[in-house]
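Structure record follows, encoded as structure tokens.
The values are calculated or read from the model by the stated rules, or taken from the named source; none is laboratory data. Given the structure is predicted, the values throughout are model-derived calculations rather than measurements. With ideal geometry, Cβ positions are generated from the backbone for all residues, glycine too; neighbour counts draw on all protein chains shown. For the accessible areas, the whole protein counts, side chains as well, though only heavy atoms, and no ligand, DNA or RNA atoms are used. Shrake-Rupley method; radii C 1.70, N 1.55, O 1.52, S 1.80 Å.
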Amino acid sequence: MASTSHIEIINRALENNVEFLRTILSKETRISVVIKGNAYGHGIDVMVPALEDLGIDHFSVYSSPEAQEALKARKKNSVIMIMGFIYDSDFEWIIKNNIEFYISDTYHLNKAIEVSKSLNKKALVHLDIETGMHRTGLSLKELKKAIPIIKENNESLVIKGVTSHFAGAESIANHTRIKKQFSIFKKRIKFLNENDIHPGIRHIASSAATINYPETRLDLVRTGIIVYGYWPTKETFIHYVHRRKDKIDPLDRALRWKSKVVSTQDVPEGEFIGYGLSYQAQYKMKIMVIPVGYCNGYSRSLSNNGHVLVRGQSAPVIGSVNMNMLICDITNIPKVKPGDNVVLIGKQEDNEISFASFAEMNKAMNYEILARLPENIERKLTPNGN
Ligand SMILES: *Cc1c(COP(=O)(O)O)cnc(C)c1O
């Protein structure tokens, strides 16, 4: 059965973005691609093998179910690391499958040790340090409690890494807080070393910190949004591009969301279009209907506001976005007919509905719009964007 829309992941764009990261990083810094939120809506099943083919061998997820999907999708022996909360009942599966995971408190540290002992298999742990975000992580007090536990249970644990997360490296307004966090992070690593604990890799930077604070890249960066071809914020983009000689955006958007026109219609002047009175034709108009609505991830806030591409031209959304369809004005693109390709996000000929502009129209962030694309939309990898 034909689905009403589908998502293409453009391999050439992924390759470009990974290559861009490699050019700014030193050889010693490894890339972990963050694939939480169904790989920011791109699909874990499509993204993991595609990125492995581009040489990526480290993936970060948030939860055990995401780790399970990544494990199913991987073709090589890539590392899978859980950055988030873990239920007690999931530790057995995690340790058995060599999934790496964050430890943010002594309760979960003890739990991991207990399960490791019962399986007679080492747990692969990253110590998550509280450095000032005040969300999760070992405070100095908890760390002091954890150190003897770690040392006594040497045979149950491999301390794979030490980690933390910045509270908003995408905004210059947070500069002082970020600097302070980084300084605390370095102090805690020193403290661990003094206690004869030597975590394999040190990692704290996400996309924004990787761009804005090169000194924070350390042994590994956890990059999500950049790999998909978007900037964490407009501010990060401007800040970066300004320093670049050619002033060109080095990223390519990897996702294209497509549908097809189902019908077209002429509407006489003065008539209302769609539900209620939200749009009245001010002149004789032509409209088209696209079989995508808010239940398919096309936000209702794009009513009378969004644009789509058809025949290489931009067509404004008119009236309210319905649950299963939206209506666009094609008065100036009269040749449109049922079956024509429509691009909801991405490029068509010389035009692009870029996610940045889409996000601004939608008053939401790139992250949110991407992550909300429903899992049941068919996704497939395509070599390039043509
Ligand atoms: C989401 C996330 C990242 C990646 O963030 P981007 O801005 O997409 O690069 C890195 N680390 C943690 C802990 C995260 O939650």
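Things to note:
- Taking the square roots of 5 times each eigenvalue of the Cα gyration tensor of the stretch 81-199, largest first, gives ellipsoid semi-axes of 27, 16, 11 Å.
- Long-range lysine pairs (8 or more apart or interchain), the stretch 230-386, Cα under 16 Å: 11
- Residue 180/residue 151 FRET efficiency (R0 41 Å; Cβ-Cβ; nearest 0.05): 0.90
- Short-range pairs are left out: with C-alpha atoms under 8 Å and at least six residues apart, the relative contact order of the chain is 19 percent.
- Compactness of the stretch 146-234 - radius of gyration and Dmax, Cα, Å: 15.0, 48
- Within the stretch 1-105, the GluC sites (Glu not before Pro) that combine a DSSP coil assignment with at most 11 other C-beta atoms in a 10 angstrom radius are 28.
- Using distinct alpha-carbon pairs, which all enter the 1/r mean, Kirkwood radius of the stretch 182-307 in Å: 19.8 Å
- Long-range HN-HN contacts of residue 139 with modeled amide H, under 5 Å: 130
- The figure for residue 176 is an accessible area of roughly 100 square angstrom, using a 1.4 Å probe on the protein chains alone.
- Under Karplus coefficients 6.51, -1.76 and 1.60, residue-wise ³J(HN,Hα) of the stretch 318-330 in Hz, glycine/proline x: 10, x, 8, 5, 8, 5, 10, 7, 9, 10, 10, 7, 10
- Amide H contacts under 5 Å for residue 279, placed H, 5+ residues apart: 273
- Kirkwood radius, the stretch 251-356, all distinct C-alpha pairs, inverse of mean reciprocal distance: 13.8 Å.
- For the stretch 1-141, the spread of Cα positions along each principal axis, largest first, Å: 48, 42, 28
- Between 183, 320, 78, the GNM of the chain built on Cα springs shorter than 10 angstrom shows 183 fluctuating the most.
- With θ taken as phi - 60° and the Karplus curve 6.51 cos²θ - 1.76 cosθ + 1.60 applied, the whole-hertz 3J(HN,Hα) list for the stretch 72-86 is 5, 7, 6, 9, 10, 8, 5, 6, 10, 10, 8, 8, x, 5, 10 Hz, x standing for glycine and proline.
- Put 47, 323 in order of accessible area, highest first, and with a 1.4 Å probe you get 323, 47.
- The stretch 1-67 - Rg over Rh from alpha carbon coordinates, Kirkwood radius: 1.02
- List 6, 134, ordered by accessible area with a 1.4 Å probe, largest first: 134, 6
- Taking only the C-alpha atoms of the chain, Rg followed by Dmax gives 23.9, 81 Å.
- HN-Hα J in Hz across the stretch 287-301 - Karplus 6.51, -1.76, 1.60, θ = phi - 60°, x for Gly and Pro: 10, 10, 10, 10, x, 9, x, 5, 6, 9, x, 8, 4, 5, 6
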